[in-house]
Amino acid sequence: MLWGYDGWFWASVVIGTLSCLVCLVQALRGREPDDFSQGSVLVLELFLLVYMVGSIFLPMYGSEASGSVLEYWGYLLTALLIPAGTFIWSLVERSRWSTLILAAAGPVVIIMVYRMNYIWYYQNL
């Protein structure tokens, strides 16, 4: 852990920030959603799916949640819906505004993973 956050959190910061920047640049250029912007959000969704698999196996290797496991899984399932929802939105509404909606997925996922990190390690300490 680096500064109290695990590798999953830092991976979400990198992937979420890159996704946000790609989508913001495309939106500022006035572009509709394309392979770059939608692909960056799909990479974010793929990361969350890997995160979910890791969360399933984490308790088997001795790391128990300090907070509510139900709350943790609620955050995780909600985080999984964010990139998927913005991706579907970008398929339905083909405008530069939907590229901005795609840009919002990155920061939202970072905040959700931050909260999950807190629930897992620090909530009841």
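Figure legend. Inter-residue proximity from the stretch 65-80: first residues at pLDDT 95 or above, second residues surrounded by fewer than 13 Cβ atoms within 10 Å (Cβ to Cβ) and part of a helix (DSSP H, G or I), beta-carbon distance below 8 Å, spacing 6+ or different chains. Indicated pairs: Leu80/Leu49. For the stretch 11-40, the tally of residues that are surrounded by 15 or more Cβ atoms within 10 Å (Cβ to Cβ), under 11 Å from the mean Cα position of the chain (by Cα) and either more than 10 Å from Ala103 (Cβ to Cβ) or at pLDDT below 90 (or both) stands at 4.
Scanning the stretch 66-125 for residues that are within 11 Å of the chain's Cα centre (by Cα), surrounded by fewer than 17 Cβ atoms within 10 Å (Cβ to Cβ) and within 21 Å of Gly7 (Cβ to Cβ) turns up Pro107, Ile111, Tyr114.
Pairing each residue of the stretch 8-20 that is assigned to a helix (DSSP H, G or I) with any residue that is among the hydroxyl-bearing types (Ser, Thr, Tyr), provided the two are 6+ apart or on different chains, yields C-beta distances under 7 Å for Trp8/Tyr51; Phe9/Tyr114; Leu18/Ser40; Ser19/Ser40. Does Val43 count as touching a residue at least 60 places away in the same chain (Cβ under 8 Å) and open to solvent by 30 Å² or more (accessible area, probe 1.4 Å)? Here the answer is no, as Val43 does not meet what is asked. The lone criterion from (1) farther than 14 Å from Arg115 by Cβ; (2) assigned to a helix (DSSP H, G or I); (3) free of Cβ contacts under 8 Å to residues at least 40 places away in the same chain; (4) not aliphatic (A, V, I, L, M) left unmet by Ser90 is number (3).
Annotation note: Cβ proximity below 6 Å between a residue of the stretch 94-118 that is under 22 Å from Pro33 (Cβ atoms) and a residue that is of a type in the set (D, E, K, R) and open to solvent by 60 Å² or more (accessible area, probe 1.4 Å) (sequence gap 6+ or interchain) occurs for Arg94/Glu32. Right, Thr78: part of a helix (DSSP H, G or I) and touching a Lys or Arg at 6+ places or on another chain (Cβ under 7 Å) or not? So Thr78 does not fit the description; no.
Checked against the criterion of being loosely packed, with under 14 Cβ neighbours inside 10 Å and either in a helix (DSSP H, G or I) or of a type in the set (Ser, Thr, Tyr) (or both), the candidates Met52, Met60 yield just one match: Met60.
The values are calculated or read from the model by the stated rules, or taken from the named source; none is laboratory data. Since the model is a prediction, treat every value here as computed from it, not as a measurement. Every residue, glycine as well, gets a Cβ built from its backbone with ideal geometry; the counts of neighbours run over all protein chains shown. Heads up: the accessible areas ignore ligands, DNA and RNA and are worked out on the full protein's heavy atoms, side chains in. Shrake-Rupley method; radii C 1.70, N 1.55, O 1.52, S 1.80 Å.
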